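Novice: Please read through the structure below; I'll follow up with questions.
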Amino acid sequence: MQEILLAVISPVVFAGAVRIAAPLVIGSVGGCFTEKSGTFVLAYECFMLISAFFATWGSYVTGSAVLGALIAVMVSILVGILFGILVFRFQANGMIVSIALIYGAWAVTTLLLVSIFQVRGSFISPDIISFQTISIPFLNQVPVLNDVLNNKIGPVYLAFLLTGAAYVVMYKTPFGLRLRGVGMNATAAQTAGTNIRRYKWTALIIMCACCGLGGAIIPLSGVSMFTENMTSGRGFLCLAAVLVGGGNPIKTSIVAFLFAYTDALYLTLTSFGLPTQLLSCIPYVAVIFVLIVSKLRARRKAALGAGRLKWRKKVTA
């Protein structure tokens, strides 16, 4: 039991969590923009799965992980444009379109896997070039941080930078102010002269680009392979992180890291001979727990606000 407790807080688990968190953080940070713009998008899984395949294909063809990731981002944006045309132009229901895209992405990637690589299930090749790890010299002198943060691929460090940049853009720039205004009250924003459709399109493209990069990380993080349904629900974890974080990039990233930590914990605890069926539930139990806690906090804030309003009415009466 003591070994299990030590494993829960070991640097190995946190190092794995940092690695696993990169696609979740990047994808969920992009989702903060659509959340704040008032656009309901459920298709995170679609964007990430499509991107994972085309990142694999792009890296295999070009011999470059960076070019593979760029191809994945462009394809994800193209799929997002299809979503935007259906939802913004033809006023289709965003939830229905998202569900259709999610199932369509699974079918299309399976079809392309058979058509291009002539295999079913998974494709592994040494020609799929992954991102190279980056060594940070000064971290070599810090024992714990060296194990947790050093020698990671570039997108892992990019995830931290994107979180800070997204927060600054969201809360410290006129663009972020107008974007949040569009999500809070579109009519008032339009009356003030804000082009609502342009801001919704911009938020959608940012989200698709981030999900594209997040999806590209999955096959190019060292595994150099693609499998059917490779994202395995990571898109839904991004959605849950955005909803729990309320569209705040920093809060959302913390929630995404929590989900990644539970996933890394599951992978670590399997070495102790514990039932894998039980351990595999840990990430999803964490999602439910976080959603319940956030809901209770929201109710508590609403109750406090209602109590203050009643007190003010009594004072002014």
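Novice: If the limit is 30 Å between Cα atoms, which of 152/251; 152/295; 172/200 go over it?
Specialist: Over 30 Å Cα-Cα: 152/295.
Novice: Still on this structure: Amide H of residue 153: which non-local residues (sequence gap of 5 or more, or other chain) have their own amide H closer than 5 Å, using H built in the peptide plane?
Specialist: Here the answer is 134, since their amide H atoms fall under 5 Å of that of residue 153.
Novice: A follow-up question, please. Using a 10 Å cut-off on Cβ atoms, rank the peptides 41-53, 224-236, 13-25 from the highest mean neighbour count down.
Specialist: 41-53, 13-25, 224-236
Novice: Among 138-145, 84-91, 127-134, 156-163, what's the highest-first ranking by average C-beta atoms within 10 angstrom per residue?
Specialist: Put in order of decreasing packing, that is 156-163, 127-134, 84-91, 138-145.
Novice: Could you sort the peptides 250-260, 95-105 by per-residue average Cβ neighbour count (10 Å cutoff), highest mean leading?
Specialist: So the order, starting with the most tightly packed, is 250-260, 95-105.
Novice: Given Cβ point charges of +1 (Lys, Arg) and -1 (Asp, Glu) and nothing else, what value in debye, to the nearest 20, does the dipole of the chain about its Cα centre take?
Specialist: 2100 debye
Novice: For the stretch 1-81, state the semi-axes of the equivalent ellipsoid (square roots of 5 times the eigenvalues of the alpha-carbon gyration tensor), sorted largest first and rounded to whole angstrom.
Specialist: Output for the stretch 1-81: semi-axes of 31, 21, 9 Å.
Novice: Still on this structure: Nothing charged except the Cβ atoms of Lys and Arg (+1) and of Asp and Glu (-1): what's the magnitude of the dipole of the stretch 78-220 about its Cα centre? Round to the nearest 20 debye.
Specialist: Computed about the Cα centre, the dipole is about 620 debye.
Novice: Sticking with this one: Rank 253, 175, 233 by how far each Cα sits towards the positive end of the charge dipole of the chain (+1 on Lys, Arg Cβ; -1 on Asp, Glu Cβ) and give me just the farthest.
Specialist: So the residue furthest toward the plus end is 175.
Computed from the coordinates by the stated procedures, all read-outs in this text should not be read as laboratory data. Note that the structure is a prediction, hence the values are computed from the model and not measured. Note that each Cβ is placed from the backbone with ideal geometry, even for glycine, and that neighbours are counted across all protein chains shown.
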